[in-house]
Amino acid sequence: MFKEVNKSVKKVDGISLATGKALFVDDQNFEGLLYGKFLRSPIPHGIIKSIDTSEADKLPGVETIIHYFNSSHIPHTTAGQGYPEPSPYDTYMFDKKVRFVGDNVAFIAATSREIAEEAIKKIKVEYEELPAVLNLHDAMKDNAPKIHDEADSFGIFDKDKNLAGGVEVNVGDVKKGLEEAEIRVDYSVDTHYSQHTPIEPHICITYLDEKGRLIIRTSTQVPFHVRRICAMVLETPEKNIRVIKPRIGGAFGTKQEVYLEYYAGKATLLTGKPVKIELTREEEFISRTRHPMYVNVKLGADKTGKIHTINMDVISNTGAYGSHALTVMFNSGSKCLPLYKAENVRFNGKTVYTNLPVAGAYRGYGATQGYAALEQVLDILAEKVGKDPVEIRKMNHIQKGETSPIFKALGEGKEGAETFIKSIKLDEALDWGVEEINWQDRIPYTEKTGRYRKGKGMGIFMQGSGIPLVDMASAFIKINDDGSFNLQVGATDLGTGSDTVLSQIAAETLETTTDNIIIYSSDTDMTPFDVGAYASSTTYISGGAVNNAAEKVKKQIIKVAAEMLETHEDDIELRDTKAFSKKNNTSKTFGDIGKYALYINNQFQIGAIGSHISQVSPPPFMAVFVEIEVDTWTGKIKVLKYVCGVDCGTAINPKLAEGQVEGAIVNGLSYALTERYIFNEKGKMMNGSFQDYKIFNIEDLPELKVKLFPSYEPTGPYGAKSVSEIGINGPIPAIANALYNAVGVRAHKFPMYPEFILNKLEKNG
Amino acid sequence: MKINFNLNGNDRTFETEPNEKVLDFLRRIGLKGVKRGCETGDCGACAIILDGKIINSCMLYTGQIDGHSITTIEGLGDNQNPHLIQETFVDEGAVQCGFCTPGMILATKALLDKTPNPTLEEIKNGLSGNLCRCTGYVKIEKAVVESAKKLGGKNV
Ligand code: FES
Ligand code: FES
């Protein structure tokens with residue numbers, strides 16, 4: 001029985017957030033703060049011939065202007081990944097080439113925002129415009145303009161073909177498998193641009209402390225990667241930089257990117273003054289986005305519907321720079337293909353450069369795009385063999401004790417780790433969903449008439465829990481005089497609740513209560529290392545580190561207690577923030593023990609550091625069912641009910657876990673239905689505001705039911721797996737399948753916008 | 001120019017420029033619970049209550065609050081003494097990153113002050129100007145329902 005985990009304890013920072021007291025990046029005052037702004041490229045592709053800042057320099061209040069001709073030129077990636085990053089080093093603070101509308105041309109720091117904006121207008125830039133690639137399918141053509149022809153970038157798969165990344169893996173014989181298959185399905189989708197839209201846009205403030213060290217206060221998922229990448233770009237050792245992540249206003253992947261901090265840092269180093277960069281909402285849309293992808297799936301099955309062969313071809317569009325270019329594409333294979341057993345599997349992925357906004361990490365990380373195709377293909381197969389979509393999945397999905405060769409073949413830009421499934425409650429989630437949505441009442445579209453037609457669809461999904469053999473987290477715990485504990489973690493709470501979840505894990509192991517744990521996180525000077533919050537890793541990996549540290553501290557407490565209670569260590573039992581001697585029936589509180597160790601005898605600090613990496617990345621699983629209504633006159637889709645069962649192992653904090661799933665679903669629903677980029681003929685995003693880029697508000701919320709199906713993952717802390725990303729994978733394919741069930745059209749382009757649906761309906765007559 | 005207005009229950013006088021937005025002004029005088037999410041009036045992170053109505057402070061100039069009453073999140077409660085709505089939001093798991101939360105809570109307060117027993121539709125309508133990207137709104141909706149129940153139809 002658990003005491004502190006698997007319990008919806010209150011979020012440890014909840015009240016301070018609800019009272020507006022919690023400090024975000026911008027909530028601390030800085031004397032003499034400068035405001036940073038970017039001059040951005042008006043053209044999608046071109047060479048900067050000259051930059052004339054003489055008029056801008058004269059403006060009172062302009063403190064510094066940085067651009068290609070007065071800054072150093074260090075190739076790097078902005079992807080906040082572990083070192084060495086699996087993303088190409090194709091980015092510079094400033095380059096003499098611009099590669100998309102919005103690319104950084106110059107950075108201005110001035111005493112006010114208005115002056116900085118004024119200065120931007122006064123800078124004269126001469127460009128030589130080059131032809132641009134504005135579509136992922138054009139990027140690899142023979143005569144396509146080369147986007148990265150600079151000499152010193154490296155790690156690019158094939159510069160001549162505009163290929164940022166590429167991979168092919170083969171298991172069995174896919175060609176033969178498809179040729180000999182009794183049933184074949186061949187289906188493609190094109191997924192679209194979208195943006196994370198955290199309600200707090202990207203923001204950072206840099207300043208010098210009293211010793212002249214550069215302090216970076218930033219809204220980031222990856223403080224330690226910020227330090228490392230800034231050190232590289234600013235050509236200074238890591239020891240001169242401290243990165244602090246205060247409360248941050250949502251991230252979802254877009255803040256796993258290091259691309260503001262070094263501009264502000266550079267300006268601070270040049271002027272000695274604090275510098276703030278805060279993106280406007282419009283700029284946020286061209287900060288980092290989701291990789292649009294073309295995904296083709298070919299499936300070979302026998303007449304019963306048993307899958308034998310899966311081939312997945314992916315072309316991913318990384319935009320102008322290859323941030324997460326290789327790994328997001330890898331993940332569309334590695335997080336989708338293992339879900340179904342097949343003897344022959346091939347994954348062939350390419351990531352292309354275009355002169356469009358830069359993609360990056362986004363919740364779901366390629367899996368979302370892969371499932372947009374794969375889970376429609378399963379429905380097509382079911383129809384071909386005359387089976388129910390639920391049944392076809394049950395007979396093909398991976399089971400407990402099984403593995404997939406894909407786990408080993410496809411990792412994080414390289415080979416992965418062999419993983420046997422040790423926990424799965426997918427069938428339970430499926431059975432529940434069938435009941436909740438009244439699946440048995442589902443009738444084919446051919447039997448539906450009238451203007452409004454309802455349809456039901458479903459899908460199953462998996463993700464991962466951290467990056468095996470790569471992601472490392474650590475935690476430090478020490479006891480205080482009163483028996484409370486400081487817990488210091490490099491892990492990064494993005495609003496996800498990880499400070500709470502990690503405190504609960506510490507409390508459980510230490511046999512105390514969560515409110516007895518004082519957590520401090522994400523500060524490169526004060527907390528031990530953690531790769532940061534991404535790849536669904538924090539509960540699983542950082543939680544493992546906290547558990548390790550707590551186990552060590554527990555041993556020390558037992559040792560001191562034995563000394564105090566004059567007994568053996570194995571006679572000591574910890575319970576309710578106390579140590580008991582079973583034999584003597586005596587006890588000491590943790591406060592007594594803390595004081596004794598600090599002041600009385602054989603003094604030392606009870607405390608320990610724990611680190612953790614994982615050999616495997618156990619997938620959470622999810623079953624989704626949806627009912628929609630299609631207005632056949634307007635093409636509008638209304639989601640009536642969305643049902644989602646998730647197996648995330650033990651939910652350390654069920655309420656927070658549900659919240660992760662609900663948030664991901666609603667994000668996924670608007671990604672599926674309303675979020676889209678409108679580009680002009682130069683590839684400029686034209687709808688960069690919440691008025692023109694529609695994310696769901698509370699009125700758009702359908703009836704939404706989320707239920708957790710706890711399994712027990714033996715490799716996770718107290719049985720936990722991840723939960724934060726998986727939810728976003730469901731909406732596109734489940735709704736697309738429901739759309740087919742309602743009106744008989746298949747969506748292969750997104751979002752499923754009314755015009756598009758109407759168009760398809762008309763074509764079908 | 002000088003403006004006089006009631007801020008969280010106290011009459012105050014401040015010096016301000018006529019073109020200063022209320023969002024910038026409030027943050028300048030230290031009320032950091034007012035957040036900046038878009039500055040185009042579309043997200044509700046900067047919401048305050050003006051004479052009982054929820055309004056986005058990024059769309060107001062300081063002159064427009066002269067002679068009026070405003071409530072910010074700081075006027076509801078603090079760590080030691082949180083308002084019932086603030087507590088309920090935390091209890092229900094309606095707070096994730098918390099960046100939208102001050103605006104959401106103020107929208108809830110403005111709604112419940114006027115409509116102590118709101119229907120689900122009235123709740124959705126009352127909070128429709130506030131965007132949240134973290135929670136998916138499910139637990140926010142629940143928090144409003146629970147707040148209304150606990151307040152028992154009383155204005156607080
Ligand atoms: S900042 Fe005012 S509505 Fe978004
Ligand atoms: S809790 Fe993060 S935006 Fe609402």
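The values are calculated or read from the model by the stated rules, or taken from the named source; none is laboratory data. Being a predicted model, the structure only gives us computed values, none of them experimental. We place every Cβ from the backbone using ideal geometry, glycine too, and count neighbours over all the protein chains shown. SASA here: full protein model, heavy atoms, side chains in, ligands and nucleic acids out. Shrake-Rupley method; radii C 1.70, N 1.55, O 1.52, S 1.80 Å.
Pairs A:LYS175/A:LYS400; A:LYS11/A:LYS559; A:LYS682/A:LYS763; A:LYS721/A:LYS749; A:LYS141/A:LYS408; A:LYS454/A:LYS705: which are spaced more than 27 Å apart, C-alpha to C-alpha? Pairs exceeding 27 Å: A:LYS175/A:LYS400; A:LYS11/A:LYS559; A:LYS682/A:LYS763; A:LYS721/A:LYS749; A:LYS141/A:LYS408. Tell me the angle of helix B:138-151 to the major Cα principal axis of chain B, expressed in degrees between 0 and 90 and rounded to the nearest ten. It is inclined by approximately 90 degrees. Coupling constants for the stretch A:413-419 follow from the phi torsions by the Karplus curve (6.51 cos²θ - 1.76 cosθ + 1.60, θ = phi - 60°), and in residue order they are x, 7, 4, x, 10, 4, 9 Hz; glycine and proline get x. Overall, the stretch B:2-75 carries a charge dipole of about 200 debye about its Cα centre when +1 sits on the Cβ of Lys and Arg and -1 on the Cβ of Asp and Glu, all other atoms neutral. A dipole drawn for chain A from +1 and -1 charges on Cβ atoms has a positive end, and of A:THR538, A:ALA734, A:ALA139 the residue lying farthest that way is A:ALA734.
For the segment B:75-82, counting C-beta atoms of other chains within 10 Å of every residue's C-beta and taking the mean gives 4. Put simply, the amide H of B:GLU20, placed in the peptide plane, has neighbours under 5 Å in B:THR62, leaving out anything fewer than 5 places away on its chain. In chain A, helical runs assigned H by DSSP with n ≥ 4 each contribute -39500 (n - 2.57); averaged across all residues and rounded to the nearest 500, the mean residue ellipticity at 222 nm is -7500 deg cm²/dmol. DSSP bridge analysis restricted to the stretch A:188-262 gives an antiparallel fraction near 55%, rounded to the nearest 5.
When you restrict to C-alpha pairs under 8 Å that are six or more residues apart and normalise by the size of chain B, the relative contact order lands at 24 percent.
When you filter the chymotrypsin sites (Phe, Trp or Tyr not before Pro) in the stretch A:54-120 for DSSP loop state and at most 11 other Cβ atoms inside 10 Å of their Cβ, nothing is left. Projected label points at A:ASP631 and A:GLU447, each 7 Å from Cα along the beta carbon direction, are separated by 2.7 nanometres. For A:SER724, A:SER465, the ranking by accessible surface with the largest value first comes to A:SER724, A:SER465, using a 1.4 Å probe. Shown here for the stretch A:166-270: GluC sites (Glu not before Pro) in loop regions (DSSP other than H, G, I, E, B) with at most 16 other Cβ atoms within 10 Å, namely A:GLU182, A:GLU210, A:GLU235. Pairs of Cα atoms nearer than 8 Å and 6+ residues apart set the relative contact order; for the stretch B:2-75 it is 41 percent. Along each principal axis, taking the top coordinate minus the bottom one, the Cα set of the protein assembly as shown gives 83, 78, 61 Å in descending order.
Shielding by partners for peptide A:693-704, expressed as the average number of C-beta atoms from other protein chains within 10 Å of each residue's C-beta, is 5. Beta bridges from DSSP with both residues in the protein assembly as shown: antiparallel share about 75 percent, rounded to the nearest 5.
Think of chain A as having a plus end and a minus end, set by charges on the Cβ of Lys, Arg, Asp and Glu; of A:MET93, A:HIS192, A:ILE65, A:HIS192 sits farthest toward the positive end of this dipole.
Entry note, chain A: relative contact order of 15 percent, from Cα contacts under 8 Å with a spacing of 6+ residues. Karplus-derived 3J(HN,Hα) values for the stretch A:152-159, using 6.51 cos²θ - 1.76 cosθ + 1.60 with θ = phi - 60°, are 9, 6, 8, x, 7, 4, 7, 4 Hz; glycine and proline are entered as x.
The charge dipole of the protein assembly as shown, taken about its Cα centre with unit charges on the Cβ of Lys, Arg, Asp and Glu (plus for the first two, minus for the last two), comes to roughly 640 debye.
For chain B, the calculated P(r), taken from all Cα-Cα distances in 10 Å bins from zero up to the bin holding the longest distance, is 12, 43, 33, 11, 1 percent. Here A:LYS682 and B:LEU84 are evaluated by their C-beta separation; at R0 = 45 Å the FRET efficiency comes out at 0.30.
Probing with 1.4 Å while keeping every protein chain in the model, the per residue accessible area of the protein assembly as shown equals 35 Å².
The listed residues A:TRP633, A:TRP432, A:TRP439, once ranked by accessible area (1.4 Å probe) with the largest placed first, stand as A:TRP633, A:TRP432, A:TRP439.
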